[in-house]
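Only one structure is covered here, and it is reproduced in the block below.
The values are calculated or read from the model by the stated rules, or taken from the named source; none is laboratory data. Nothing here was measured: the structure is a model prediction, and the numbers come from that model. Positions of Cβ are generated from backbone atoms using ideal geometry, with glycine treated the same way; all protein chains shown enter the neighbour counts. Quick note on the areas: whole protein, heavy atoms, side chains included, nothing else; ligands and nucleic acids left out. Shrake-Rupley method; radii C 1.70, N 1.55, O 1.52, S 1.80 Å.
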Amino acid sequence: MICRLLKFSLFCRIIIIFLQVVFNFCVPDHDADAFRLPHVPEEGFTNAAVSFLLSGFSHWDAQYFLHIALYGYTHENTLAFFPLFPLLLRKASSGISYVTPSVLSDLNLSILSGIVLNTILFVAATVFLYKLTHTVFHSEIIAYTSALLFSINPASIFFTALYSESLFSFFTFGGLWALESGKLVIALILLSLSAGVRSNGVLSAGFIIYCLLKQCVNSRAISSHKSSRRTLFLTFNILKIILYLILFSIPFIAYQTYCYFLYCTDILSEPEVPEVVWDFVTKNDLKIPSEPSKWCFWNIPLSYFYVQNRYWNVGFLEYFTPKQIPNFLLAFPVLFIIVFSGVKYLNKNWHELWHLGLLIRQFQDPTDVYSYLRSFPYFIHVLVLSLFSTFCIHIQVSTRMLCSSSPVLYWIAAMTLLPSDERARFKFLKEHLIRPGLAGDLQFMKNLFIKSSIWGRLIYCYFLSYLLVGTFLHVNFLPWT
């Protein structure tokens, strides 16, 4: 199954690359008021070919990631972009440069390297989502369908473009699978690294706390008649949770500390960059490391929140203006599906959630995501993200953030598309396995649509339409960021 899944996932990435080439060739780029990294264009056939074929993947935030990978954090507003993806991008470029020495410019080499890197990470994230779903629901067809739907998710363009979504999904889905499999240390490492990729990765700490609390609540020691033993056990587990949270916070704290040392002290020297970069910084009057900013003098000097508010107007209800209505409409489908499903889940399990799903029940129904207490922390996590993205950040980010941060959307879509009866699902999967390879997977996706309910078909159309429209908008510098 995993081998078939790898082929289908890779096929979808190739389709995205092909669509990018076609859309970028047929439609001229919109003259967007957006950051473009300073560089000196280099001539040559290979540079022209890479620029012509793949430049659509280097728009919007990709320009910041490329800038950081090439030059470092040269001015203050680049601090909003966490370092792990640019760092991997730089390492990948160095590796590929050994294969193509002096053939490509640094910029085009980074673009090519980023697409290769994100393709590999996306395929790996797809496998982790499959493993996570199989571990949670103990169902081959739910796991497989969820992974296939992830391959055509509404934010597909961002998983191939020079964005951090593929890396974030890799760490998040991998960490959640390790957590569900009882591999707590691996889960801690992977989920903490996700907080070094995107800021919302810090919310994954909730999964670790929840897992430790669940182990504590269901331990025999908690029901011990000896109060001294129970007190010792509870104290040990509280200290264990604190220790895990400290370890989890290391990547996030390390990056914020680096920002403080770079911009607020003389401990770190400014990065050495080409003259074209300093000319750009000077011309646009951008704040450089040698100029301490307001956040340097805060009691807790965190650059991220200051930069987001100062340069992107991020804050509670700051984005609720009439001109942002089109962006709210673009984000509405994913928010509606998740919030509606989350409310349905909480309403259906209201009488069972007095213990927050911490107590292990012997008999649960894993065939329905809405009746399964094990999915409680996932619904809470994605609902918090949905509310946060609606009220506190740029609303257009919500689709790619939710698609890369949580498996819930794919679980909902899979169970809406699949037959509700477990026996019918098994028959559906058996028919699929008869057909070999990629053709069988495409036929399976076709049958999903044909045999689904009206709600399943609407979700399916939403996935495919946003894959196409989103790719078109993004690669032409139109507002799909």
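Here are a few things to note about the model shown:
- Sequence of 23, 340 when ordered by accessible area, the most exposed leading, probe 1.4 angstrom: 340, 23
- Only Cα sites of segment 1-142 enter the Debye sum here, all with the same form factor; the resulting log10 I(q)/I(0) across q = 0.22 1/Å is -1.40, listed in q order.
- Residue 373 accessible area, assembled protein chains, probe 1.4 Å, Å²: 20 Å²
- For segment 1-75 versus segment 411-429, the gap between their alpha-carbon centres in whole angstrom: 37 Å
- With the biggest extent put first, the Cα atoms of segment 134-203 measure 34, 30, 15 Å across the principal axes.
- Residue 45 paired with residue 22, simple spin-label distance in nm, labels 7 Å along Cα-to-beta-carbon: 2.7 nm
- Per-residue ³J(HN,Hα) for segment 289-300, Karplus 6.51 cos²θ - 1.76 cosθ + 1.60, θ = phi - 60°, Hz, x for Gly and Pro: x, 7, 10, x, 9, 4, 5, 4, 9, 6, 4, 10
- Between residue 266 and residue 116, residue separation times 0.36 nm minus the direct Cα-Cα distance comes to 50.3 nm.
- Dipole magnitude (debye, nearest 20) for the chain, charges at Cβ of Lys, Arg, Asp, Glu: 2340 debye
- Extended-chain gain in nm, criterion 0.36 nm per residue less alpha-carbon gap, residue 286 and residue 227: 15.1 nm
- Over segment 224-303: Kirkwood hydrodynamic radius from C-alpha pairwise inverse distances, Å: 16.4 Å
- Residue order by solvent-accessible surface for 285, 368 is 285, 368, largest first, with ligands and nucleic acids left out and a 1.4 Å probe.
- Counting only lysines at least 8 places from residue 283 when in the same chain, those with an alpha carbon closer than 27 Å to its own are 294.
- Computed P(r) (all Cα pairs; the chain; 20 Å bins; percent): 22, 55, 22, 2
- Normalised alpha carbon radius of gyration of segment 349-481 [divisor 2.2 N^0.38 Å]: 1.27
- The relative contact order of the chain, computed from alpha carbon pairs under 8 Å that lie at least 6 residues apart in sequence, is 23 percent.
- Among 428, 326, 404 - extreme Cα towards positive end, dipole of the chain, charges at beta-carbon: 428
- Within the straight-line cut-off of under 23 Å between alpha carbons, the lysines reachable from residue 131 are 7, 183, 214, 427, 430, sequence neighbours fewer than 8 places apart in one chain being disregarded.
- Lysines whose Cα lies under 20 Å from that of residue 344, excluding same-chain neighbours fewer than 8 positions away: none
- Averaging the Cα positions of each part gives two centres, and for segment 211-281 and segment 326-357 these lie 29 Å apart.
- Inter-label distance, nm, simple model (7 Å from Cα along the C-beta direction), residue 430/residue 14: 3.2 nm
- Phi angles across segment 431-442 convert, under the Karplus curve 6.51 cos²θ - 1.76 cosθ + 1.60 with θ = phi - 60°, into 3J(HN,Hα) values of 5, 5, 5, 5, 8, x, x, 4, 4, x, 5, 5 Hz, Gly and Pro given as x.
- Residues in segment 80-95 carry Karplus couplings, in order, of 6, 9, 5, x, 5, 5, x, 5, 5, 4, 5, 5, 5, 5, 4, x Hz; the curve used is 6.51 cos²θ - 1.76 cosθ + 1.60 with θ = phi - 60°, and Gly or Pro positions show x.
- Taking all protein chains as they are arranged and a probe of 1.4 Å, the heavy atoms of residue 26 leave approximately 90 Å² accessible to solvent.
- When cysteine pairs in the chain are screened for C-beta atoms closer than 4.7 angstrom, the residues that find no partner are 3, 12, 26, 211, 216, 259, 392, 403, 461.
- Order of exposure, largest accessible area first, which applies to 258, 345, 64 with probe 1.4 Å: 258, 64, 345
- When nucleic acids and ligands are ignored and a 1.4 Å probe is applied, residue 36 ends up with an accessible area of around 100 Å².
- Exposure here means at most 14 other Cβ atoms within 10 Å; with GluC sites (Glu not before Pro) in a DSSP loop as sites, the longest stretch of the chain lacking them is 44-271.
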